[in-house]
Structure formats: C-alpha cells, structure tokens
Amino acid sequence: MARVILGVGAGIAAYKACELLRLLKEAGHGVRVVPTPDALRFVGEPTWAALSGEPVATDVWSDVSAVPHVRLGQAADLVLVAPATADLLARAATGMAPDLLTATLLTARCPVVYAPAMHTEMWEHPATQHNVATLRERGAIVVEPAVGRLTGPDTGKGRLPEPAELFALAESILSSRTDRGVSPAPAVTRGGAGTGDGPVLAGRRVLISAGGTREELDPVRFLGNWSTGRQGYAFARSATARGADVTLVAANVELPDPAGVKIIRVVSARDMHAAMLAEAATADAIVMTAAVADFRPVARSESKIKKDGLVPEPIALAENPDILAGLSARRAADGPASQVIVGFAAETDPDLDAARAKLARKGCDLLVVNPVGNGRGFGGGDNEAVVLGADGSATPIPRRSKDALAGVVLNLVAARLKLVSCPIDRLLAAKLCQVTSLTDGEERGPSAVHLGVGYGGPSRQDGRPDQ
C-alpha cells in the first residue's frame, strides 16, 4: 500500500478529485487529502474526511505536536495535486509555503504530479508557462490539461483530465518506482526540490504509435486487424509517469485519452506514416506499437460492393510504406543519431533468429517480440515479450500487465538515453530544420540538433485564493 498525498487546489474541478480519491482508496492506497483553504469553498472538509478516512487540515497549526508540515511530505510515496490552479503553480514554482499543502510540497522527496485546471487564457499566459517549465526543470510531472468544456460556456485547453486517467497515471508512477526498487523516496535533487532521483525520462520527448490501421475497400468495409491500442496507451501512460513529453499517434482506438498526452488521430497506414515522420525529428525516443497494415487495396470503391450472386474479382493489393524502417532511415540520414527507436513484432510463433534478422533489417535499437493469438496480445490486459537489442542483448519479460511491460521497455530506453548528454533542443531544431509536408514520395524532413534543455520539477503550492 502506497502513501499518497492528494492536494486539492481551489478550482471548480475540485469535485472531480472526489472520484480520484475513491479510485486511490479502492486500489488499497492510504490517502491523506490536503486542500488549500479556498479549496474548501468547493468541496467541504467533511466530504474529504469521510471519503479518505483521514483527518483534513489546511494550516500548519493543527496537530502541531505531529509536525504535519514536515512529516506528511517526508512519509509520502506520491504527491498528486488535482486540480492545480494557476495561483497554486505560481506558489509552487517560487517555493512559498503559507499553508499545509505548500509546506508539504517543500518537504516531499517522492514524485510530485500536478494536474492543472484553469481557463485557456490562464494556462497559455507566459507567467503560467514559465512556472510550469520551472517545476518540470526541478523534476515534477506537470500533466498537460485536457481540451473540453470549462467553467461557464467556455471550451478549450485547461480542463482537468478525467479521474480514471489521473488514477492510471498515479498507478504507473508508483509501479515504476517499485520496479526500480525505490521506496518511499530517495534523497534530494537539484535545489532541494526533491523527487528522489527524478523521472528517468524528464525533459525527453517520446513519440508512440498505437492501434490498428484500416485500409478501406468501400465506404463500409476495410482491411484491418484486432489491435485495440491498449499496449500503446500503456506506453503513453508509463512514459508520462517517467516525466516525458508524450505524443501518441492513434489509429482507430476507442480508449480514453491518457492524461497529459498529445493525441494525433489517424486511420490508414499512409496517414500514420505521414504523422510519424512529421513528429519524429524532435523525438528523443520512438515506440512503434501500432499494428500497421502491410498492404492496402489498389482501388477503393466509391459505393458499397454489393452481393449480386457473382464471385467478386480478387482484391488487388499495393504495399504500404514501412514506417519503422523509414524512421530508422530518416534517423541515419538526417539525425538525431541519439534517437532511440523501438519496434514491435507480434508473432503467432515467435522465432528469435528471424526476429534478430528483422531487427537488423528495420534498423531500430530494440525490437519487442510478443506472441499473439489464442487470447494473447491483442485486446487483453496482459502481455509478454522478449526485447532484442541491436547490441545483441535479449531481455525476457514474463507475462504481466501491459503497463508493467511498457515500464520495463521504457527503462531499457532510458538506459540508452543516458548515454546522451541532454535532450533534443526542440526550439533550435525547429529553427534550423524546415519540416516539409510528408507524402509517399517525399522522404526528406527535418534534422535535429542535440543541445540541452531540461524539464521536470518537484513542487510547492498555494494558500491564498487560487485563480
């Protein structure tokens, strides 16, 4: 059982934190709710106490003999602040500690996650963006807000991610620490900000593909596969939990959006090809979990192909672009050479010798070979694999949850990225490289420069009225 501090800022989204609290409790975690004083204007102290089974305080003067403003942060395995308002982020970034929550953030030596919720204009304001960058630089995970309905009639970016996705992110963070043998949290990081040894992918941009592509035969039929996208979404959650800036290219996936992840929706293999190449130049790591169709119909019927008693003509097929090989070729030609590329090979009868040949042919760094069929792989909650490395390594991953498998693979990715001094400088890369529109015939694209930009950040927070 983990010890979780649920910090609650003074925003209308505070009511959603009640559901988040319920999910954490049902998972067996001990949860102490620490609201800001004005957060109680939205959800009252009796509600938090009843749902958590723990006392609730907002100031440092309650139960002084237990020294809660120090002990809560010291004992926590995770601090999750939802919602985090603009005012709360500002106080966290400047280290102010006028109440129990902000004092707790200063003493926390565990992962700290902020889930911002505010109006779009407040989120986009340079001051807020500066505060977010500061917190990330110190090691905290600041989840990107969702897009949707805000307070009143407004709609835009600034909505609190759904409680189920924040819970999934929290579980991923806690499991990643268990995988690394960390409990409850090691020593301090830069500036005493404190998230232990920090998220292993902090400051890194990770590009992930997920789902199964569809190739249309006519307006109602397509060639496709059984992929649901669950493994790719597990990678997105796990990468976010490790501090990465995650972009997910999703093909025909009907799952809730992972919290804090940029989603690009596609349908066909050529759609995914264009999207992946467009995003690849500024990625530190690429994970190709999607089940991409190898072939597509040469022609698409503009009307439904009808059953008229005649045997239909055979369907002529054309080969789709090889996305994984194309990404590796792009890296070899234009860089960045430090980029780590991970491929997936779903096989009904895995042959490791054939898989090693495929690894070499595709030019990637890691190839995750996983068995499918007979209830394995597609659609289920578990997976198993052997991860082959271009360096000759082989890492067996016995059957486990897809989130846990993603964590093992991402730890292998992080180990390879440690050989690189710093993440890609995306701003400089954008200035130096002109991204062309990507079609089947256009293989040229941006190169990237490897200079240092860091993100990440622990925390602190508010006490005055939140905005």
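The values are calculated or read from the model by the stated rules, or taken from the named source; none is laboratory data. Predicted, not measured: the structure shown is a model, and the values here were computed from it. All Cβ positions, even for glycine, are placed from backbone atoms using ideal geometry, and neighbour counts span all protein chains on display.
For segment 275-290, the candidate set comprises residues that are in a helix (DSSP H, G or I) and of a type outside the set (Asp, Glu); within that set, the residue that is surrounded by the fewest Cβ atoms within 10 Å (Cβ to Cβ) is 278. Residue count for segment 86-139 satisfying the condition of being closer than 20 Å to residue 74 by Cβ, among the small types (Gly, Ala, Ser) and surrounded by fewer than 24 Cβ atoms within 10 Å (Cβ to Cβ): 3.
Name every residue in segment 26-51 that is in a helix (DSSP H, G or I) and within 24 Å of residue 87 (Cβ to Cβ), in order of residue number. The answer is 37, 38, 39, 40, 41, 45, 47, 48. Here 60, 67 are screened, and the one residue that is at pLDDT below 95, surrounded by fewer than 23 Cβ atoms within 10 Å (Cβ to Cβ) and on the phi > 0 side of the Ramachandran plot is 67. Give 20, 80, 6 a once-over and let me know the one that is part of a helix (DSSP H, G or I), at pLDDT 95 or above and buried (at least 21 other Cβ atoms within 10 Å of the Cβ). None of the other options fit; the residue is 20. All told, residue 328 meets the bar of being among the small types (Gly, Ala, Ser), farther than 21 Å from residue 222 by Cα and in contact with a Cys (Cβ under 6 Å, 6 or more places away or on another chain). Which one is surrounded by the fewest Cβ atoms within 10 Å (Cβ to Cβ), of the residues in segment 339-359 that are more than 21 Å from the chain's Cα centre (by Cα) and part of a loop (DSSP other than H, G, I, E, B)? Filtering segment 339-359 for residues that are more than 21 Å from the chain's Cα centre (by Cα) and part of a loop (DSSP other than H, G, I, E, B), the one surrounded by the fewest Cβ atoms within 10 Å (Cβ to Cβ) comes out as 349.
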